[in-house]
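None of the figures in this text is laboratory data; all of them are computed from the coordinates on show. This one's a predicted model, so the numbers in the text were calculated from it and none came from an experiment. Here the Cβ is made from the backbone with ideal geometry for all residues, glycine too, and neighbour counts use every protein chain on show.
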Amino acid sequence: MYAWKSHIVVQADYQHWANEVLFTALDYLQPDVLESDQGLFFNSIHHTVDHLLQVSQLWHARLQGELMTVNFKVISIPDWRELKLALRRETRKLQNWLEAQPPEFFDSQVDYIGSEGRPYTIWARDALTHLFTHYAHHRGQISAVVTRLGAPCPEMDFLYYRREMERLLNEVKQASGTELQSPEAAA
């Protein structure tokens, strides 16, 4: 049997890591550039990051069986620093919630109402895969804009995350002289 829980929890951690890599690149840009129309689906970098937050909150609510409505046309958090903090908190909140779920949850189905008002049913693991690939989709768009604007290209690939986690684990092992488990074994 495939260990969905372990996979999903690692993917949730990766989302947080990739957001941080993106934020580091975005810190090279002037604040007014974050608000300007950059030709993204949500026009600005700020609105696109706000969309990531709203989508994460929406799917988190759906996974818990709660009804939530959002307006993707409106920026929910206009202050850039507050938005980054809110997205950081949301990704960790979702990760912690996922870690607390029993393994059977990831093989369960979730009923939800789509943005057009129609009811749907989806596997929890598929909903989470959608959420995580949605993150990657919009981070990729932002990354292209960031690079075009002269900031360093954010290296957000999953393999870079894995390499950094291995490096950090090795540093802790060397410092403590003890054996540590990989993130999958700990989940």
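Listed residues GLN101, GLN95; which is of a type outside the set (A, V, I, L, M, F, W, C) and either more than 15 Å from the chain's Cα centre (by Cα) or farther than 14 Å from TRP59 by Cβ (or both)? Before the answer, list the steps.
On the way: GLN95 fails: either more than 15 Å from the chain's Cα centre (by Cα) or farther than 14 Å from TRP59 by Cβ (or both).
None of the others qualify; the one that does is GLN101.
Among the residues of the range 7-41, how many are surrounded by fewer than 19 Cβ atoms within 10 Å (Cβ to Cβ), more than 15 Å from TYR161 (Cβ to Cβ), of a type outside the set (A, V, I, L, M) and touching a helix residue (DSSP H, G or I) at 6+ places or on another chain (Cβ under 6 Å)?
1
Residues in the range 97-107 that are touching a residue at least 12 places away in the same chain (Cβ under 8 Å) and either in a helix (DSSP H, G or I) or closer than 30 Å to TYR28 by Cβ (or both): how many?
Final tally of qualifying residues: 7.
Kindly provide the set of residues from the range 108-121 that are touching a Lys or Arg at 6+ places or on another chain (Cβ under 7 Å) and either assigned to a loop (DSSP other than H, G, I, E, B) or not aromatic (Phe, Trp, Tyr) (or both), ordered by number.
Result: VAL110, single match.
Looking at the range 112-150 only, could you name the residues that are in contact (Cβ under 8 Å) with a residue 12 or more places away in the chain and in contact with an Asp or Glu (Cβ under 8 Å, 6 or more places away or on another chain)?
Selection gives THR121, TRP123, ALA124, ARG125.
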